[in-house]
Amino acid sequence: MGGNDKGLIYFNGLPLFEHVTRKLTSQVSNVVISANRNIEIYQSIGLRVLSDTLPDYPGPLAGMLSAMQNLDSEWFLFCPCDTPNIPDDLACKLWEQKGASRAVWVNDGERDHPTIALIHKKLAVSLENYLASGERRVMFFLRESGGHSVRFQDQMNNFINVNSPEDLAQWEHK
């Protein structure tokens, strides 16, 4: 997105992050935003904003770790700001199909979406160690933690990633 803060890019009349927060508000008891810049803008909608606890912004896992270290919850549902069409049953379906796993993520029937994940707080220490070792691969960490995917068959459009102006134009108003 040309170096712009992706969460603040407008999509169908709202910043991308607001689409996600609106969808999640009806599914979970507490929505928190992970952001490392433009904090005041994210705070303007009245939600708590957390920044990475690790230096140099080492990717999505760092934001996940920060949430797990700073929030009092047993389970965490993570969803990136660039997936504005997440389904209304995302949290419920991940919860119902987690089984004994401490980590589950979305599979849309064709591909995995490891940054859309439900993760137990007990994985915080292993995540911290994983990041300290220099690793950054989300899928690898989730699999090493004994996690598995949850299939959302034929819901590819619910998990589109808006990664470029072309993606934005393709999906706007659909």
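Nothing in this text is a laboratory measurement; each read-out follows from the coordinates by a stated rule. The structure presented is a predicted model; accordingly, all values stated were derived computationally and were not measured. Every residue, glycine as well, gets a Cβ built from its backbone with ideal geometry; the counts of neighbours run over all protein chains shown.
Listed values, structure above:
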| read-out | value |
| --- | --- |
| Pair-distance profile P(r), taking every C-alpha pair of the range 1-97, with 10 angstrom steps and integer % | 14, 49, 32, 5 |
| Max mean-square fluctuation residue, GNM over the chain, Cα-Cα springs under 10 Å, options Ala67, Ala132, Ala117 | Ala132 |
| Helical mean residue ellipticity (222 nm; -39500 (n - 2.57) per DSSP H run of 4+; nearest 500) of the chain | -8500 deg cm²/dmol |
| Sparse-neighbour loop sites [GluC sites (Glu not before Pro); the range 105-138; at most 11 other C-beta within 10 Å; DSSP] | Glu110 |
| Rough spin-label spacing in nm, given labels placed 7 Å along Cα→Cβ, for Val125 and Ser73 | 2.2 |
| For a label point 7 Å along the Cα-to-beta-carbon line of Arg22, residues of the range 70-90 with backbone N under 13 Å | 84-86 |
| Neighbour-count order for Thr25, Thr83, Thr53, fewest beta carbons within 10 angstrom listed first | Thr25, Thr53, Thr83 |
| Selected from Gly59, Gly46, Gly109 as most flexible by GNM, with the chain as the system and alpha-carbon contacts under 10 Å | Gly46 |
| Taking the chain and dividing mean pair separation by its residue count, relative contact order in percent (alpha carbons under 8 Å, at least six apart) | 24 |
| Per DSSP, loop trypsin sites (Lys or Arg not before Pro) in the range 1-98 with at most 15 further Cβ within 10 Å | Arg37 |
| Low-density loop cleavage sites - GluC sites (Glu not before Pro) in the range 17-88, where at most 14 other Cβ are within 10 Å (DSSP) | Glu74 |
| Enclosed volume per residue, in Å³, of the convex hull spanned by Cα atoms of the chain | 119 |
| Asn12 versus Ser44: modelled label distance in nm, points set 7 Å from Cα along the beta carbon direction | 2.2 |
| Proximal lysine pairs, the chain, alpha carbons under 20 Å, eight or more residues apart or interchain | 7 |
| The range 77-129 versus the range 1-55: alpha-carbon centroid distance in Å | 18 |
